[in-house]
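Some notes on the structure that comes next.
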Amino acid sequence: QVQLVESGGGLVQAGGSLRLSCAASGRTFSSYTIGWFRQAPGKEREFVAGISRGGGTTSYADSVKGRFTISRDNAKKTADLQMNSLKTEDTAVYYCAADLGGVSTKTYSYDYWGQGTQVRVSS
């Protein structure tokens with residue numbers, strides 16, 4: 001098993017930046033693909049970005065391409081999401097998730113989830 005804890009959320013003005021971090025404990029972090037998802041009020045949870053075990057493969061939702069960057073540090077057991085040029089529509093609770101398979105955009109592919117961190121972007 002792996003336990004995940006997100007941090008770094010907060011309130012930011014449109015155009016600003018935030019860096020989210022996902023800290024893992026438990027089994028070998030490097031065995032897991034990591035995904036970042038988000039859920040806005042009244043909406044389904046959606047894929048934001050994913051990164052493979054070694055970090056060599058990344059995937060992004062079209063809505064965040066060019067603005068968000070996912071990275072990981074297996075030695076520190078962390079995975080970060082750098083979010084730039086934030087928009088009001090980026091407001092959501094952001095979750096990190098872990099899976100033993102490949103990078104997937106589907107929530108059901110991920111077995112372990114953190115509790116989420118709130119991001120609010122004001123206009």
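Quick notes on this one:
- Listed residues R27, R38, R53, most fluctuating in the chain (Gaussian network, C-alpha, under 10 Å): R27
- Classified by the C-alpha gyration tensor, the range 64-123 has a prolate form. Its axis ratio a/c, with a ≥ b ≥ c, is 1.5 or above, and a/b is larger than b/c.
- Taking the range 14-123 as the region of interest, the number of lysine pairs whose Cα atoms are within less than 28 Å, with members eight or more places apart or on different chains, is 10.
- Gain on full stretching of the segment that runs from T58 to E89 - 0.36 nm per residue minus C-alpha separation: 8.9 nm
- Counting every alpha-carbon pair across the chain, the share separated by more than 19 Å comes to 39%.
- The chain, relative contact order in percent, only Cα pairs under 8 angstrom and at least six apart counted: 36
A short reminder: the numbers here are calculations on the coordinates, not readings from a lab. All values reported here derive from a predicted model rather than from experimental measurement.
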